[in-house]
């Protein structure tokens, strides 16, 4: 395929994405459908890392939040598993929080993925991994049938990685719009929607009633009264609810160490996070995660 043909091909895919994620369609569509369609179109596997817990209420399978390719699952135990976590969670997560630039990630198994950090207004949101490729022609890690599976993989050059990252970034931006519409489109009162959107976008930061009041062009006392009358709760209660929802999503959809979660959702004190979570959810974060794992086994 020529360079011009590839450009037309990727543009066609992005047009399809845009049509699929029109705001009206987002009310009835599932992200699962979109992601499956993109995987088939591009011939790739997609994995989402959601360290901010943004997907807490979206219609999406938890399978999208783990590297589910059989080569990724191969030898995922003990020290080998720690190396996978270090590469995919720690190193890639650190890079993505500091830079919006996509990169090619090489793992210790000889596997390669295109890593695309998704940002909005210079604020890091989540990561999309696109693969799976091989970084070299052979690997001493795989045995038996796994060798054949590895050999069938393609090597991803810079040009292909650039085209993939372009499409994936467009997908990421579209997903952000989808999530907003999914969470807020049902609100009939514009004031409720404005307040909820503000909390949604600022929950991971230090946020105060005074800042919301400034955003609404109201006094602090008037804003406090408005929030209470609209939601039947205080501003601080709404913030706590949003942060706990995100913590639950992270616990369900990642293997991130629990002590790393509080700063990702806007809570600085680890011990306060544990107390708040137990109060709101009736269990500790560890118990909540373990219960989710057990329930999933029974499905």
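The values are calculated or read from the model by the stated rules, or taken from the named source; none is laboratory data. Not measured: the values here are computed from a predicted model. Virtual Cβ from ideal backbone geometry, glycine too; neighbours counted across all protein chains shown.
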Matching residues, the range 106-122, being surrounded by fewer than 20 Cβ atoms within 10 Å (Cβ to Cβ) and touching a residue at least 24 places away in the same chain (Cβ under 8 Å)
106, 108, 110, 120
Residue in the range 271-284 that is more than 21 Å from residue 120 (Cβ to Cβ), buried (at least 19 other Cβ atoms within 10 Å of the Cβ), touching a helix residue (DSSP H, G or I) at 6+ places or on another chain (Cβ under 8 Å) and not assigned by TED's automatic domain parsing to the domain that holds residue 90 present:
yes
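Going by the structure shown, is residue 199 crowded, with 17+ Cβ neighbours inside 10 Å and outside the structural domain of residue 131 (by TED's automatic domain parsing)? Reasoning before the result, please.
Details: crowded, with 17+ Cβ neighbours inside 10 Å: yes; outside the structural domain of residue 131 (by TED's automatic domain parsing): yes.
Here the answer is yes, as residue 199 does meet what is asked.
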Condition (residue is assigned to a strand (DSSP E or B), buried (at least 18 other Cβ atoms within 10 Å of the Cβ) and modelled with pLDDT of 90 or more) applied to the range 95-104: is it met by at least one residue?
yes
Name, by its number, the condition in (1) closer than 30 Å to residue 137 by Cα; (2) under 20 Å from the mean Cα position of the chain (by Cα) that does not hold for residue 159.
(2)
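Going through 99, 165 one at a time, which residue ends up being over 23 Å from residue 35 (Cα atoms) and not assigned by TED's automatic domain parsing to the domain that holds residue 203? Break it down into steps so the answer makes sense when it comes.
Values: 165 fails: over 23 Å from residue 35 (Cα atoms).
Criteria check complete, one pass: 99.
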Only one residue in 169, 181, 163 is in a helix (DSSP H, G or I) and in contact with a strand residue (DSSP E or B) (Cβ under 8 Å, 6 or more places away or on another chain). Which one?
169
Restricting to the range 105-126, name every residue that is under 24 Å from residue 146 (Cα atoms) and either outside any strand (DSSP E or B) or in the same structural domain as residue 266 (by TED's automatic domain parsing) (or both).
107, 108, 109, 110
Report every pair of residues separated by at least 6 positions or lying on different chains whose Cβ atoms are under 6 Å apart, first residue within the range 40-64 and outside the structural domain of residue 180 (by TED's automatic domain parsing), second modelled with pLDDT of 90 or more and surrounded by fewer than 15 Cβ atoms within 10 Å (Cβ to Cβ).
none
Of everything in the range 249-258, what is in a helix (DSSP H, G or I) and in contact with a helix residue (DSSP H, G or I) (Cβ under 7 Å, 6 or more places away or on another chain)? Give them in sequence order.
250, 251, 252, 253, 258
